[in-house]
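Peer 1: Quick one: structure below, then a few questions.
We did not get these values from a lab; they are worked out from the coordinates using the rules stated. Please read all numbers here as calculations on a predicted model, not as lab measurements. Note that each Cβ is placed from the backbone with ideal geometry, even for glycine, and that neighbours are counted across all protein chains shown.
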Amino acid sequence: MPVQYYIFLSIALFCIGVMGVLMRRNAIIIFMCIELMLNAVNLLLVAFSKMWADAGKVDAGSAQLFVFFIMVVAAAEVAVGLAIITLVYRNTKSVDINILNRLKN
Amino acid sequence: MIKLVWLVPFLPLLGFLVNGLGRRFLSKSLVGFIGSGTVLASFVVSLLAFFEVKAPGFQAQVVHLFNFISVGSLHIPFAFQVDQLSALFLLIITGVGTLIHIYSTSYMHDESDESFARYFAYLNLFVFSMLILVLGANYVMMFIGWEGVGLCSYLLIGFWFKNTSYNNAAKKAFVMNRIGDLGFLLGIFFMIMQFGTVTFPDVFAKAAPLGMNNPTLIAIAMLLFVGAMGKSAQIPLYTWLPDAMAGPTPVSALIHAATMVTAGIYMIARSNVIYTLAPSIQAVIAIIGVATALFAASIALKQNDIKKVLAYSTVSQLGYMFLALGVGAYSAAVFHVMTHAFFKALLFLGSGSVIHAMGGEQDIRKMGGLKKYMPTTNWTFLVGCLAIAGIPGFSGFFSKDEILASAYAHNPVLYALGLLGALMTAFYMFRLYYITFSGKFRGTHEQEHHLHESPSPITIPLIILAVLSVFGGYVGLPEVFGKNLLAEYLSPVFAPSAPFVTAHHLSHSTEWMLMGLSSVLVIAFILIARQKFAAYEDTGKENTGLAKVLENKWYIDELYDAIIVRPLQELSRFFRDTVEKAGIDKLVNGVGRGVQYSSQQIRRVQSGQVGFYIFAMVIGMIVLFVIGFLL
């Protein structure tokens with residue numbers, strides 16, 4: 001399969017993620033959208049890695065280490081982020097981010 | 001002895017330091033002793049050096065003290081040059097300076113202890129600066145002394161600094177001098193650019209091959225002359241000198257006779273090679289000289305302040321010296337510096353004696369008949385007048401005659417104008433003499449009661465100077481009478497320019513005729529003055545017409561005020577009120593207000609809406625990407 005398909009799919013996933021972050025107000029959905037963006041990038045990395053390995057420029061899988069790295073970081077981030085959201089919900093009984101405007105001015 | 005010549009300026013410097021630092025502790029007699037003693041000691045050293053220099057075949061010697069400036073290929077040593085010219089000036093400065101110091105011990109005795117010491121400290125510093133000026137072996141050293149005398153003249157003219165008009169006179173002197181100094185400084189820069197050196201013999205050696213009328217040489221000559229104009233009070237920078245009368249009278253004597261104003265003459269005589277190679281500038285010097293001589297003499301005709309008359313006569317006599325320099329008669333100019341130092345110091349000190357006796361009165365209309373109260377002052381003053389008027393046998397006759405003869409050989413028009421100036425000199429000097437010393441006393445009774453001959457520290461310098469004013473001229477006899485010793489003595493200094501000078505020789509009969517003509521006319525003018533002023537009565541009538549113009553000094557001060565001072569003040573006011581208040585202040589305040597306003601606007605961006613923040617972030621990243629791809 002040509003690599004362009006992967007690129008277009010990644011762009012589509014990434015844009016969905018961006019739009020979701022921008023438009024949705026529910027914190028959990030925003031969180032999921034962030035994950036979507038991260039995974040769009042992961043997909044792109046894997047696709048390029050495969051492409052260069054097929055071309056014989058690099059060893060197969062060497063660039064895919066990045067993907068694991070990103071997954072680990074994302075997992076850690078999810079742990080922290082969900083904890084924050086839980087605390088926000090306990091305090092405000094809501095996960096609407098527009099309530100969180102106390103930093104204003 | 002030449003090796004010890006550094007003592008000559010060092011001793012007055014020592015006197016300055018001791019008197020200046022110890023002004024609160026030293027008694028008046030000690031201060032006077034230190035002040036006069038140090039200058040007297042340098043006079044003795046100068047005299048010993050002079051006898052060594054006087055020997056035939058003496059070559060100029062340079063006493064190197066230390067390196068002053070050493071940058072790249074430019075080396076300016078702190079060194080003294082002893083040759084015929086500087087040795088002669090040393091004698092004049094320290095000799096006349098000593099007499100003025102001794103005179104001052106009595107004249108300034110009414111001052112408080114502290115200002116008495118301050119006065120002597122300044123006086124010593126003045127002498128020190130002038131000695132550095134004439135002893136320096138390069139133009140930068142000369143410039144150090146040049147600035148030094150400018151500073152000291154400021155300090156001494158404004159000695160009574162509690163009086164605003166005296167302070168203004170001091171500032172005027174300083175500013176006028178600065179204008180000239182700038183020219184001198186630019187001249188030095190040109191010299192460094194062109195020759196890469198400022199040491200006298202090197203500069204002259206490098207200037208000579210450039211030949212006549214080289215543009216650089218003309219520029220250097222003109223710029224140096226601007227400096228001389230300021231220091232030696234020539235048109236158009238002369239107005240400070242009459243105002244310098246604000247200082248104590250001995251200071252006027254020092255400025256006019258021994259130091260300061262002769263600096264310009266010295267500098268041009270020293271740079272004779274440069275000037276001989278720039279005949280166009282020489283012509284300018286001659287014209288300015290003769291114009292100043294006439295102009296100042298015409299003002300002196302109608303002045304009523306005893307010191308103002310003498311001040312304008314100094315300006316006029318300096319004009320003669322520049323005339324001599326302009327026609328290439330360098331030794332005649334130096335000769336006139338010397339004789340002028342004697343009789344002008346004598347006249348100033350004499351006028352000081354009169355002012356002292358009159359209790360501070362300077363208006364000659366309120367004097368008169370002082371002959372019988374002050375016999376010594378009277379006859380010494382008379383000798384001074386005879387000398388400056390140029391009566392045969394007195395020193396002024398020989399020097400002025402030499403200048404006029406050189407002017408005649410160069411251009412008879414210059415001679416005629418010079419002679420006219422000399423006649424005016426004779427007239428106003430005897431007008432001054434007769435109004436002051438003969439007739440009957442016109443002051444108050446209190447003043448008449450107070451009149452007395454001055455004490456011996458005042459009269460002894462007068463007598464010495466009177467003797468010198470009579471016999472000082474015999475070192476430079478005209479050719480028809482015998483040898484001109486001074487010209488012969490100075491000839492090594494002017495030897496480098498000799499190949500470029502076409503010598504004018506007057507026949508003996510012409511010389512006799514010129515001398516006879518000027519003597520007869522001078523005596524005639526003195527008799528007219530006697531006729532008019534011997535029994536002078538103050539009618540209190542206002543002068544009219546030309547006399548009024550002359551009394552008001554041709555309104556030159558007013559003219560300068562109108563064309564320079566007031567426009568400058570207007571400009572300053574414009575800058576203060578408009579540019580400063582409306583321009584710079586508005587700009588600075590505007591920057592502050594602009595920052596405040598824009599930060600208030602930008603503050604609104606911080607809305608607390610997380611969605612908006614993220615949106616801004618995304619937009620920012622897109623912009624960055626676009627920029628990154630496009631560039």
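Peer 1: Looking at segment B:523-631, which GluC sites (Glu not before Pro) are DSSP coil and have at most 12 other C-beta atoms within 10 Å of their C-beta? Don't skip to the end; give the middle numbers.
Peer 2: On the way: sites: B:GLU537, B:GLU542, B:GLU551, B:GLU558, B:GLU570, B:GLU580; in loops: B:GLU537, B:GLU542.
Within segment B:523-631, the qualifying GluC sites (Glu not before Pro) (loop, at most 12 other Cβ atoms within 10 Å) are B:GLU537, B:GLU542.
Peer 1: When the chain is fully extended, how far beyond the present Cα-Cα distance does B:GLN569 get from B:LEU4, taking 0.36 nm per residue of separation?
Peer 2: Difference between extended and current length: 198.3 nm.
Peer 1: Another question about this same structure. Considering chain A, what Rg and Dmax in Å follow from its alpha-carbon atoms?
Peer 2: Just the Cα atoms of chain A yield Rg and Dmax of 17.6, 55 Å.
Peer 1: Please report how far the C-alpha centroid of segment A:1-65 lies from that of segment B:380-419, rounded to the nearest whole angstrom.
Peer 2: Cα centroid of segment A:1-65 versus Cα centroid of segment B:380-419: 110 Å apart.
Peer 1: Give me a single rounded figure for A:18-24: the average over its residues of other chain Cβ atoms within 10 Å of their Cβ.
Peer 2: Counting other chains' Cβ atoms within 10 Å and averaging over A:18-24 gives 3.
Peer 1: Extension gain B:PHE189-B:HIS445, at 0.36 nm per residue separation less the Cα-Cα distance, in nm?
Peer 2: 86.1 nm
Peer 1: A follow-up question, please. How much mean residue ellipticity at 222 nm does chain B get from its helices, if each DSSP H run of length 4 or more adds -39500 (n - 2.57) and you divide by all residues, to the nearest 500 deg cm²/dmol?
Peer 2: Estimated from H runs of four or more residues: -23000 deg cm²/dmol.
Peer 1: Where does helix B:456-471 land angle-wise versus the long Cα axis of chain B, in degrees 0 to 90, nearest 10?
Peer 2: Taking Cα atoms only, the helix is inclined about 70 degrees.
Peer 1: With a 10 Å Cβ neighbour count serving as the proxy for reagent exposure, in which order, fewest first, do B:THR98, B:THR376, B:THR339, A:THR92 appear?
Peer 2: Fewest-to-most ranking of B:THR98, B:THR376, B:THR339, A:THR92: A:THR92, B:THR376, B:THR98, B:THR339.
Peer 1: Moving on. Can you give the convex hull volume per residue for the Cα atoms of segment B:560-630, as a whole number of Å³?
Peer 2: Numbers: hull volume 7.4 nm³, N = 71.
Convex hull of Cα atoms, per residue: 105 Å³.
Peer 1: If you average the C-alpha positions of segment B:491-562 and of segment B:106-136 separately, how far apart do those two centres end up, in angstrom?
Peer 2: When both Cα centres are located, 32 Å separates them.
Peer 1: At what distance in nm do the modelled label points of B:MET212 and A:LEU82 sit from each other, each positioned 7 Å from its Cα along Cα→Cβ?
Peer 2: Going by the 7 Å Cα→Cβ label model, 10.9 nm.
Peer 1: Rank the residues B:PHE225, B:PHE43 as a footprinting-exposure proxy: fewest other Cβ atoms within 10 Å of their Cβ go first. Can you show the working numbers first?
Peer 2: Numbers: B:PHE225 31, B:PHE43 22.
Result, fewest neighbours first: B:PHE43, B:PHE225.
Peer 1: Could you tell me the calculated FRET efficiency between B:TRP160 and B:THR544, based on Cβ-Cβ distance and R0 = 30 angstrom, to the nearest 0.05? Could the numbers behind the result be given before it?
Peer 2: Details: r = 35 Å, r/R0 = 1.16.
FRET efficiency, B:TRP160 to B:THR544: 0.30.
Peer 1: To continue, here is another question. With a sphere of radius 15 Å drawn around the Cβ of A:LEU82, what net charge do the other residues whose Cβ falls strictly inside it have (Lys, Arg +1; Asp, Glu -1)?
Peer 2: Details: positive: A:ARG90; negative: A:GLU35, A:GLU77.
Taking every other residue near A:LEU82 into account, the sum is -1.
Peer 1: Right, here's the next one. In whole angstrom, and with the biggest value first, how far do the Cα coordinates of segment B:19-176 range along each principal axis?
Peer 2: Taking max minus min along each principal axis of the Cα atoms, segment B:19-176 gives 49, 36, 26 Å.
Peer 1: Over segment B:261-344, what is the relative contact order in whole percent, taking alpha-carbon pairs under 8 Å and six or more residues apart?
Peer 2: Contact order relative to length: 38 percent.
Peer 1: For segment B:524-631, state which trypsin sites (Lys or Arg not before Pro) are in a DSSP loop and have at most 13 other beta carbons lying within 10 Å of their beta carbon.
Peer 2: Numbers: sites: B:ARG530, B:LYS532, B:LYS541, B:LYS548, B:LYS553, B:ARG573, B:ARG576, B:LYS581, B:LYS586, B:ARG593, B:ARG603, B:ARG604; in loops: B:LYS541, B:ARG604.
Taking segment B:524-631 and a limit of 13 other Cβ atoms within 10 Å, the loop trypsin sites (Lys or Arg not before Pro) found are B:LYS541, B:ARG604.
Peer 1: Enter the angle in degrees (range 0 to 90, nearest 10) between the Cα long axis of helix B:306-326 and the first principal axis of the Cα atoms of chain B, meaning the one along which they spread out most.
Peer 2: 80
Peer 1: Still on this structure: Take the Cα pairs of the protein assembly as shown, get the Kirkwood Rh, then feed it into Stokes-Einstein at 10 °C and 1.306 mPa s and tell me D in µm²/s.
Peer 2: Translational diffusion coefficient: 51 µm²/s.
Peer 1: Okay, helix-only estimate at 222 nm for chain A: each DSSP H run of n ≥ 4 adds -39500 (n - 2.57), divide by all residues, round to 500 deg cm²/dmol; what do you get?
Peer 2: Here the helix-only value at 222 nm equals -26000 deg cm²/dmol.
Peer 1: Mind computing the radius of gyration and Dmax over the alpha-carbon atoms of segment B:148-538? Å is fine for both.
Peer 2: According to the Cα coordinates of segment B:148-538, Rg and Dmax are 20.9, 70 Å.
Peer 1: Same structure again: How big is segment B:472-631 on each of its three principal axes, counting only the C-alpha atoms and giving the largest first in Å?
Peer 2: For segment B:472-631, the Cα extents along the three principal axes come out at 114, 58, 26 Å.
Peer 1: Here is a further query. Roughly how far apart, in whole Å, are the Cα centres of segment B:164-191 and segment B:600-631?
Peer 2: 63
Peer 1: To the nearest 0.05, what FRET efficiency results for A:LEU9 and B:VAL623 with a Förster distance of 22 Å applied to their C-beta separation?
Peer 2: Plugging the Cβ-Cβ distance into 1/(1 + (r/R0)^6) gives 0.30.
Peer 1: If you don't mind, there's one more thing I want to ask. Would you mind checking the pairs B:LYS344/B:LYS400; B:LYS366/B:LYS532; B:LYS308/B:LYS344; B:LYS308/B:LYS541; B:LYS162/B:LYS372; B:LYS172/B:LYS400 and listing those with alpha carbons more than 24 angstrom apart?
Peer 2: Values: B:LYS344/B:LYS400 14 Å; B:LYS366/B:LYS532 17 Å; B:LYS308/B:LYS344 13 Å; B:LYS308/B:LYS541 20 Å; B:LYS162/B:LYS372 36 Å; B:LYS172/B:LYS400 30 Å.
Cα-Cα > 24 Å for B:LYS162/B:LYS372; B:LYS172/B:LYS400; rest within.
Peer 1: Can you pull out the chymotrypsin sites (Phe, Trp or Tyr not before Pro) in segment B:471-580 that DSSP calls coil and that have at most 16 other Cβ atoms within 10 Å? Write out the running numbers ahead of the final one.
Peer 2: Numbers: sites: B:PHE471, B:TYR474, B:PHE481, B:TYR489, B:PHE494, B:PHE500, B:TRP512, B:PHE525, B:PHE533, B:TYR536, B:TRP554, B:TYR555, B:TYR560, B:PHE574, B:PHE575; in loops: B:PHE481, B:TYR536.
Answer by residue number: B:PHE481.
Peer 1: Between B:PHE471 and B:GLU114, what length comes free when the chain is fully extended (0.36 nm per residue of separation minus the Cα-Cα distance, one decimal in nm)?
Peer 2: Contour length minus the Cα-Cα distance gives 124.6 nm.
Peer 1: Most exposed first by the Cβ proxy, i.e. fewest other Cβ within 10 Å, how do B:HIS452, B:HIS356 rank?
Peer 2: B:HIS452, B:HIS356
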